[in-house]
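In what follows, a single structure is set out as structure tokens and then discussed.
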Amino acid sequence: MAVQIPHLRHERALWRAGLERIVGVDEVGVAPTCGAVVAAAVIVRPNGHRIPGVRDSKTLSAQQRERLAPLIRAKAVAVAVGAASVREIDQLNIYHATHLAMRRAIARLGEHDHVLVDGNRIAGFEQHVGPYTAIVDGDARCYSIACASVVAKVVRDRMMSLLAARYPGYGWERNQGYATLEHRLAIRRQGLTPFHRRSFLALQRTLAGDQLSMDLLGAGLADLAGLEAELDDLAGLDAIGAPENLAVPDLDEALPV
């Protein structure tokens, strides 16, 4: 089956209406059993040209995404990233945490005219982000959303690689936290980390297989409190000028006090 190439029809219609700062937003990390959910928001240059190769991040290899992400950031008017922590996922549920990550990414962009978001309409979303259009399969169909999907995927994959170095044996540098056989066997062998989503049924079933303890692994996790700064660095947020008073992603909330 041919790969769908995203278009600029939605953006062009809004540009013709006099709106310039059109935001495309998408998220990654809904299905994995660990790690934050990450969203990216991208404002593409009005009436600019598409970057060849940009499409739904799920259809791209890791190498292709790594090549495209800096091009997107260089050519876009603005790019921002937001996240919701594991604790927020467990407290709010993944549906609400995902929308929280999206709202944080959009807020970091500052002023904008309209938002294009991947998926269905979201209850209460407009009161936080302003006028928006929900586009089913938007990451495959809409160029600015596809750009956001690539940026978000690259940032989250790098985050999981950083965590894999701190928690070896789970294969996060390869499986990005999905419940692969390698990951499930590691959970049964090593137990849970502070970055596992305890509310996820798949995780509960994995643990039930061996009736393992739900105790957190290890101690001395203060060094992980800097993960939020690493997220900003990976996303290039320091070059975007994110508002200082923004409620930033609480990635450190997953850490025991």
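No lab work stands behind these numbers, since they all come straight from the coordinates. Note that the coordinates shown come from a computational prediction; the quantities given were computed from them, not determined experimentally. Cβ coordinates were reconstructed from backbone atoms using ideal geometry, including for glycine residues, and neighbour counts include every protein chain displayed.
Here, the stretch 6-234 has an Rg and a Dmax of 18.2, 60 Å when only alpha carbons are counted.
Residues of the stretch 75-93 with an amide N closer than 17 Å to a point placed 7 Å from the Cα of residue 201 along the Cα-to-Cβ direction: 90, 93. Using alpha carbon centroids, what distance separates the stretch 93-149 and the stretch 1-27, in Å? The stretch 93-149 and the stretch 1-27 have Cα centres spaced 12 Å from each other.
Where does the charge balance sit around residue 135 when Lys and Arg score +1, Asp and Glu -1, over other residues with C-beta under 13 Å from its C-beta? Write out the running numbers ahead of the final one.
Values: positive: 9, 121, 141; negative: 11, 26, 56, 118, 137, 139.
Once positives and negatives cancel, what remains is -3.
Each of residue 133 and residue 74 was given a label point 7 Å from its Cα along the Cα-to-Cβ line. The distance between the two points is 2.9 nm.
Phi-derived couplings, Karplus 6.51 cos²θ - 1.76 cosθ + 1.60 at θ = phi - 60°, listed residue by residue for the stretch 93-102: 5, 5, 4, 6, 5, 4, 5, 5, 4, 4 Hz, with x used for Gly and Pro. Close amide H partners of residue 60, meaning residues 5 or more places away or on another chain with modelled amide H under 5 Å apart, do not exist here.
Amide hydrogen proximity for residue 132: with H placed 1.01 Å from N in the peptide plane, the residues at 5 or more positions away or on another chain lying under 5 Å are 115. Placing +1 on the Cβ of every Lys and Arg and -1 on the Cβ of every Asp and Glu, with no other charges, gives the stretch 6-234 a dipole of roughly 540 debye about its Cα centre.
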